[in-house]
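The values are calculated or read from the model by the stated rules, or taken from the named source; none is laboratory data. Computed from a predicted structure; not experimentally measured. Cβ coordinates were reconstructed from backbone atoms using ideal geometry, including for glycine residues, and neighbour counts include every protein chain displayed. Heads up: the accessible areas ignore ligands, DNA and RNA and are worked out on the full protein's heavy atoms, side chains in. Shrake-Rupley method; radii C 1.70, N 1.55, O 1.52, S 1.80 Å.
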Amino acid sequence: YLIDTYGHVPNGTRTYYLSRSQPPYFSHMVELEARAGGDDVYRHYLPQLRREYAFWMQGAASLAPGHAMRRVVKLSDGSVLNRYWDDRDTPRPEAWLHDVRTAAGAKDRPPSGVFRELRAGAESGWDYSSRWLDDGRTLSTIRTTAFVPVDLNSLMHHLEATIALACRKDA
């Protein structure tokens, strides 16, 4: 339902979570259900698998090497990887005061940039691991969108492989 309605699994089921997704685990859920329900499960969920993939890959087709757009990064060699992102650059409603205080502690960065990084960290499910922090300690140094995390890209690989398998089952 969530993928049919929003194109992704939102970070939560309140309207203010719609600009960010959960990490793309849906393909793993489909795979688990297919173990019990057979190949029809792949055929049944192929439209949702494709729709979630389109959400994560939006902008990839027109992206120049060495640039990023939303959740997609095209490396200088043309390889495409993914990152966490949020379209909004305002404090998170669920943590408004915390985000405002965090942004106030950021040096030489506009608050809107810090807010986006905090939101992207929330999308990752690793909120807030030191993996996103420039100095490894201080939340105001968060740079989630500067990383192409291996765990996200392995989830995307699984999603791609599951789509390919579902297409073979659908043929």
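Data table
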item: Among (1) part of a helix (DSSP H, G or I); (2) polar (S, T, N, Q); (3) surrounded by 15 or more Cβ atoms within 10 Å (Cβ to Cβ) - the single one Thr90 does not satisfy; result: (1)
item: Ala68 being at pLDDT 95 or above, among the aliphatic types (A, V, I, L, M), within 23 Å of Arg119 (Cα to Cα) and assigned to a strand (DSSP E or B); result: yes
item: Residues satisfying the stated conditions in segment 74-86, i.e. open to solvent by 20 Å² or more (accessible area, probe 1.4 Å) and either modelled with pLDDT under 95 or touching a strand residue (DSSP E or B) at 6+ places or on another chain (Cβ under 8 Å) (or both); result: Lys74, Leu75, Val80, Leu81, Arg83
item: Number of the condition not met by Trp96 [criteria: (1) among the aromatic types (Phe, Trp, Tyr); (2) touching a residue at least 40 places away in the same chain (Cβ under 8 Å); (3) open to solvent by 70 Å² or more (accessible area, probe 1.4 Å)]; result: (2)
item: Qualifying positions in segment 18-57 - touching a residue at least 12 places away in the same chain (Cβ under 8 Å), surrounded by fewer than 16 Cβ atoms within 10 Å (Cβ to Cβ) and either of a type in the set (S, T, N, Q) or not in a helix (DSSP H, G or I) (or both); result: Tyr25
item: Any hit, segment 130-144, residues being open to solvent by 10 Å² or more (accessible area, probe 1.4 Å), touching a residue at least 60 places away in the same chain (Cβ under 8 Å) and under 21 Å from Gln22 (Cβ atoms); result: no
item: Single residue of Ala61, Ala106, Ala95 found to be farther than 30 Å from Lys169 by Cβ, at pLDDT 95 or above and under 21 Å from the mean Cα position of the chain (by Cα); result: Ala95
item: Count - residues of segment 127-160 that are assigned to a loop (DSSP other than H, G, I, E, B) and within 22 Å of His67 (Cβ to Cβ); result: 5
